[in-house]
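The values are calculated or read from the model by the stated rules, or taken from the named source; none is laboratory data. Keep in mind it's a predicted model, so treat the numbers as computed, not measured. Cβ placement follows ideal geometry from the backbone for every residue including glycine, while neighbour counts extend to all protein chains displayed.
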Amino acid sequence: MITEPTGPSVLGGRIVTDEGILDNGWIRIADGTIAEVGEGTPPAEPSGDLTGRWIVPGFVDMHCHGGGGGSLTSRRPEQIDRTVATHRSHGTTTMLASLVTTSLPNLHEQIRSLLPAVRAGHLAGIHLEGPFLSAVRCGAHDTAMLRSPDRESVESLLATGEGAVRMVTLAPELDGSVEAIRLLSESGVIAAVGHTDALAEQVAPAVDAGATVATHLFNGMRPLHHREPGPVGTLLADERVTVELICDLVHLHPTVARLVARYAGTGRTVAVTDAISATDAGDGHYELGDLPLTVSGGEPRLADGSLAGSTLTMDTALRNLVHSCGLDITEAVAACSTRPAELLGLSDRLGSIRAGLAADLVVLDERLRPLEVYKNGCRVTPEVPG
């Protein structure tokens, strides 16, 4: 979806950096990289009307299943490309492809189908959300395909991924989960706790073994109770764990998202979409993996009424964090860009606005809606929501 081989040499506006906001800032781009960032008189005339413009780093989505009618489980290159293009138009310049529970042979095939997009740099890697999940809290996952994580299965999936599998979600109460988490951690793969009915005493050993992420906190988890903190309380309280939040204002009430973000802080809060193929494709009937679902009013649900992913995009997540959840824009940018880049080990290349990093940038209007998107300094045509 790149429409111009090159972009402007200088962008100007209110720039959100790791150190704060440059109210009269500018960015000089050279060879797809941020060459300089400054405030005041720019080295050349910036492109566009600067009135009300914000410039933030490209968004990094660690949890996405599809978009634009395309599914990342489809094994079809055109659907993978459509998903990437859809989310890139909304400012997501880096993303993981999330796969859902299926049989191990199917999962191996799906991983193989994504490798060309990973090698080409369109995807930053693969997230396996299943099949090592709890049947009690499985959400939109096929219960017939759920299983415990034996070492041979985990090692074979990592081998098929050839280094592309970057994150695996597991339920810590399953047999073999703690050992699998230790294996993942030793292999440089993020181990995430999610879709779990575990008690606090079962979650703590998983974190000690190396689990560092809470997959969409609250959703697909035993709820927080004042006498049994379960996964929500245990993961949120542990400073070693970063928590994912689906900020579509459906999965989480704004007050809950605000409380979590305030407690966890910018160092432990990540916004994700959990987006499915229906994102930017309208209401109707879709599938997540092999499970049928219906999208009505933008909400994807199974026949029993359970939520099945979202139709969220990262630019909307940013707006919701600021306008509905009470975060300031620097906190929201940290959740949408900086912290996920750090988790993925990419902070030396992207996720912030500073000299030497990729010119992955989103220009927003005063309402925080995308005006321009740049990937490696090249302009992307945004699909601005109505």
Cβ-Cβ below 7 Å, separation at least six or inter-chain, first residue in segment 207-226 and outside the structural domain of CYS138 (by TED's automatic domain parsing) and touching a residue at least 60 places away in the same chain (Cβ under 8 Å), second assigned to a loop (DSSP other than H, G, I, E, B) and not hydrophobic (A, V, I, L, M, F, W, C): which pairs?
-> none
Residue in segment 176-206 that is farthest from HIS63 (Cα to Cα), counting only those that are charged (D, E, K, R) and free of Cβ contacts under 8 Å to residues at least 60 places away in the same chain | GLU201
Can you tell me which of GLY70, GLY66, GLY48, GLY130 is under 21 Å from PRO300 (Cα atoms) and out of contact with any helix residue (DSSP H, G or I) (no Cβ under 7 Å at 6 or more places or on another chain)?
-> GLY130
Identify all residues within segment 299-315 that are within 24 Å of ARG258 (Cβ to Cβ) and either crowded, with 24+ Cβ neighbours inside 10 Å or without any contact (Cβ under 8 Å) to a residue 24 or more places away in the chain (or both); write none if there are none.
-> GLY309, SER310, THR311, LEU312, THR313, MET314, ASP315
Could you figure out which of (1) of a type outside the set (A, V, I, L, M); (2) closer than 20 Å to VAL189 by Cβ; (3) surrounded by fewer than 23 Cβ atoms within 10 Å (Cβ to Cβ) isn't true of GLU78?
-> (2)
Residue in segment 215-226 that is among the aliphatic types (A, V, I, L, M), surrounded by fewer than 20 Cβ atoms within 10 Å (Cβ to Cβ) and either modelled with pLDDT of 95 or more or part of a loop (DSSP other than H, G, I, E, B) (or both) present = yes
In this structure, does GLY267 turn out to be small (Gly, Ala, Ser), within 17 Å of the chain's Cα centre (by Cα) and either on the phi < 0 side of the Ramachandran plot or modelled with pLDDT under 95 (or both)?
-> yes
Log entry, pairs with first residue in segment 43-55 being farther than 21 Å from ILE329 by Cα, second being part of a loop (DSSP other than H, G, I, E, B), beta carbons closer than 9 Å, six or more apart or on different chains, reads PRO43/SER9; ALA44/PRO8; ALA44/SER9; PRO46/PRO8; SER47/GLY7; SER47/PRO8; SER47/SER9; GLY48/PRO8
In segment 304-329, the residues that are touching a Leu at 6+ places or on another chain (Cβ under 8 Å) and farther than 16 Å from VAL270 by Cα | ALA308, GLY309, HIS323, SER324
Inspect all residues belonging to segment 119-135 and state whether any of them is among the polar types (S, T, N, Q) and free of Cβ contacts under 8 Å to residues at least 24 places away in the same chain.
-> no
Go through the residues of segment 365-379 one by one and say whether even a single one is among the charged types (D, E, K, R), in contact with a Pro (Cβ under 7 Å, 6 or more places away or on another chain) and not in a loop (DSSP other than H, G, I, E, B).
-> yes
Flag if VAL322 is under 18 Å from VAL56 (Cβ atoms) and either loosely packed, with under 15 Cβ neighbours inside 10 Å or not acidic (Asp, Glu) (or both) = yes
Those residues of segment 347-386 which are touching a helix residue (DSSP H, G or I) at 6+ places or on another chain (Cβ under 6 Å) and either within 13 Å of ARG88 (Cα to Cα) or modelled with pLDDT under 95 (or both) amount to PRO370, VAL380, PRO382, GLU383
Residues within segment 200-209 that are in contact with a Ser or Thr (Cβ under 6 Å, 6 or more places away or on another chain) and crowded, with 23+ Cβ neighbours inside 10 Å, tallied = 1
